[in-house]
1. Please return the longest range in the chain lying between exposed loop sites, taking trypsin sites (Lys or Arg not before Pro), DSSP loop only, at most 12 other beta-carbon atoms within 10 Å, and leaving the sites out.
2. Return the long-range amide H neighbours of M111 (sequence gap of 5 or more, or a different chain), with a cut-off of under 5 Å between placed amide H atoms.
3. Provide the per-residue ³J(HN,Hα) series for the range 138-150, in order, calculated from phi with Karplus coefficients 6.51, -1.76, 1.60 and θ = phi - 60°, each as a whole number of Hz, with x at glycine and proline positions.
4. Quick check on the exposure proxy: order V46, V141, V131 from fewest to most C-beta atoms within 10 angstrom.
5. Could you pull out every residue, at least 5 positions away or on a different chain, whose amide H is within less than 5 Å of the one on I298? Hs are placed 1.01 Å off N in the peptide plane, and Pro or chain starts have none.
6. What ranking do E28, E168 get, fewest neighbouring Cβ atoms within 10 angstrom at the top?
7. Through the Karplus equation 6.51 cos²θ - 1.76 cosθ + 1.60, θ set to phi - 60°, convert the phi angles of the range 201-212 into ³J(HN,Hα) values in whole Hz; use x for Gly and Pro.
8. Work out from phi, with θ = phi - 60° and the Karplus expression 6.51 cos²θ - 1.76 cosθ + 1.60, the ³J(HN,Hα) of each residue of the range 19-33, listed in order in whole Hz, and give x for Gly and Pro.
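Just so it is clear, none of the values below were taken in a lab; they were calculated from the coordinates. Only a predicted model underlies this, so the values are computations on that prediction, with no experimental measurement involved. Ideal geometry is used to build each Cβ from the backbone, glycine not excepted, and the neighbour counts take in all protein chains shown.
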Amino acid sequence: MSLALVCMSHSPLLEFNDPPADVKAEVEDAFATARSFVHDYDPTLVVSFAPDHYNGFFYDLMPPFCIGYEALGVGDYGTTAGPLDVPTPIAEQLAAWVADHDLDVAISRKMEIDHGAIQPLEILFGGIDEVPTIPVFVNGVAKPFVKMSRVRRLGEAIGSFLATLHGERVLVVGSGGLSHDPPVPQWATADDAQRALLLDGRHPTAAARDARQQRVIDTGKAFAAGTATIQDLNPVWDRALMRTLATGDLSPIDAMTPEQMALDAGNSAHEVRTWVAAFAALGQAGPYDVLSSCYRPIREYIAGFGVMTARTS
């Protein structure tokens, strides 16, 4: 078994809002570097750590973690709709292993996933069913949030399972963050219509989805123009986190609290939990080296945008 990693920010605005040409080119170069890394590694299995944005998981039942035994993309923001190639027997073994390691984890035999999980697969592989993929949902949007130490332990447990898969080349993908505060309703301040969405907004009409997406697109344009009221990006916070992840010692992350994360980096900065889980999984295969790292704060994407690749030494 060998293990490699790609962590990347995602943004539903990649195909809708254009940053300056040099910034867009830098992001495309980072994606190209990651694609080349993945092509050379040639994974036989992908484990995808990703959040959701009230497209597949809702407050009618919101787990902190969920392993998908089967999964399909919902097709938001023009991403691919339809089933992933999930190796169900391995996913079942993974869930049992995690439970045996004293971590409570939900499972889904029909996980619905959005751009947060789909976009990296499209960028890295050109499709969502090119390589067998086990999706792992990590809640990064809905309070309450588990401690960061719990996220790290989830990654470690999954990494220790992956170490038992002899003959496999496993790629772990962490998708989300970094600092950003898009216009996602918060339950405490949401109106009745917004609470209905947060509670159970599954399978909206095309018109309802388009209207919801347009609000985010418009916010991105306003944010780039300096007229949006959302919280600003925090490059200092983003770069500090990336440096910590690169060291291989994730213990400082245990001290991060949800309240301070939101204050420092926005309500959706909790998506960095996917990066923490992915790096923790990678670390279970031994010391690792970061082979590429790119970062840009990009207002048009409403994201502190980062891409990292790493392999065990």
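1. 111-313
2. Long-range HN contacts for M111: Y69, E70, A71, L72.
3. Once θ is set to phi - 60°, the couplings for the range 138-150 become 10, 4, x, 9, 10, 5, x, 10, 6, 5, 5, 4, 5 Hz.
4. In order of increasing Cβ crowding within 10 Å: V131, V141, V46.
5. HN-HN under 5 Å from I298: A303, G304, F305.
6. E28, E168
7. Using θ = phi - 60°, the values come out as x, 5, 6, x, 5, 4, 5, 5, 5, 4, 5, 5 Hz.
8. x, x, 4, 5, 5, 4, 5, 5, 5, 4, 5, 5, 4, 4, 4
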